[in-house]
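The values are calculated or read from the model by the stated rules, or taken from the named source; none is laboratory data. Keep in mind that this is a model prediction, so the values were computed, not measured. Cβ placement follows ideal geometry from the backbone for every residue including glycine, while neighbour counts extend to all protein chains displayed.
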């Protein structure tokens with residue numbers, strides 16, 4: 001009885017991931033395989049092309065092709081190499097099982113020899129094993145490189161808005177203009193005068209919009225306002241690491257924004273304290289009544305403070321209906337203060353007292369700096385112990401990440417205080433002496 005001619009499914013695959021960057025394109029594979037089928041006089045029943053990784057099972061077209069084999073529609077596969085068919089043990093084992101049960105009678109590869117014999121099946125298992133080993137080893141090499149980059153504080157992906165990638169140093173740098181927009185947005189929101197919608201409008205005025213040119217949605221604005229990369233941190237798999245690039249924001253400003261965000265997630269209280277510095281500072285010049293203040297927000301979301309008489313004098317009616325803006329009031333107060341000066345004979349006594357205070361301050365400053373350095377060292381040690389506890393499986397991942405982020409923020413704040421103090425020092429003494 002004449003043996004039936006095998007019917008083949010042609011399968012071409014290329015992953016979009018980096019481990020396949022040296023593999024021919026699907027078009028090139030199809031050209032080579034069709035030429036091979038013509039030379040070998042193979043009957044191609046159908047062609048399958050797929051752009052998906054074979055590291056894990058679950059390829060839809062591959063699964064559909066295998067189902068057709070199990071239904072007896074074909075009994076041969078034509079592919080460029082066994083690693084195009086499988087790079088994981090599940091798919092590789094499925095093919096070998098179908099070969100064992102004679103469901104697949106022929107496997108043809110231009111770059112690999114196979115016959116359905118014990119030796120041939122052994123070599124096929126070796127080929128699948130090598131493909132899986134290559135994938136596993138490649139992933140390990142990638143992870144090793146990522147860990148080394150994190151130790152050096154390098155940025156791993158495309159720069160966040162406000163930064164630009166520097167491919168020479170393999171890290172990121174603050175963008176000359178966009179970084180200032182980020183700082184402006186944080187400062188405006190920290191004042192508590194902007195909503196997420198009005199801040200999106202402000203960002204749109206500075207060119208930060210969606211691809212369609214519309215203002216950002218609230219979720220996008222929140223992502224900008226909570227992006228710890230602006231503090232100089234690198235994120236990988238929900239874990240933050242110290243970066244080697246220059247931060248855009250100070251920890252103080254970042255935490256101020258987080259407080260505003262947190263306060264607006266809770267129900268608003270009816271009585272909220274207002275920041276009116278000139279309250280209880282003066283009385284009306286006409287009727288002697290107290291002066292009060294109120295807020296006013298314009299259509300751009302900018303907050304203004306206005307002062308006016310309460311018109312509650314019991315003895316005299318008041319005709320002062322004009323409201324005075326806080327900036328104008330501050331100019332009037334400043335002009336009045338400039339008319340006041342200290343007597344010259346007080347100067348020598350004040351300078352002598354300053355000299356004494358400077359000596360005391362120098363000692364306390366050294367102590368303050370040393371305490372800050374000790375706190376930074378202690379925080380670093382706590383971070384190391386926290387990592388050791390996580391590696392020893394004493395902490396769950398969620399708890400570890402939460403505590404680590406809190407400690408990193410604390411360390412960043414301490415470093416900012418130390419830097420500010422070393423820059424400014426006792427500058428106030430020199431200003432007062434002048």
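With respect to (1) surrounded by 13 or more Cβ atoms within 10 Å (Cβ to Cβ); (2) modelled with pLDDT under 80; (3) within 18 Å of residue 187 (Cβ to Cβ), the lone exception for residue 260 is condition (2). When residue 181 is tested against the conditions (1) over 24 Å from residue 407 (Cβ atoms); (2) surrounded by fewer than 17 Cβ atoms within 10 Å (Cβ to Cβ); (3) over 16 Å from the mean Cα position of the chain (by Cα), the lone failure is (2). Does residue 84 count as part of a strand (DSSP E or B) and in contact (Cβ under 8 Å) with a residue 60 or more places away in the chain? No; evaluated as a whole, the condition is false for this residue. One residue alone among 429, 367, 414 is assigned to a helix (DSSP H, G or I), at pLDDT 70 or above and in contact with a helix residue (DSSP H, G or I) (Cβ under 9 Å, 6 or more places away or on another chain), and that residue is 414. Taking the listed residues 281, 276, the one that is closer than 17 Å to residue 331 by Cα, in contact with a strand residue (DSSP E or B) (Cβ under 8 Å, 6 or more places away or on another chain) and either in the same structural domain as residue 187 (by TED's automatic domain parsing) or modelled with pLDDT under 80 (or both) is 281, with no other qualifying.
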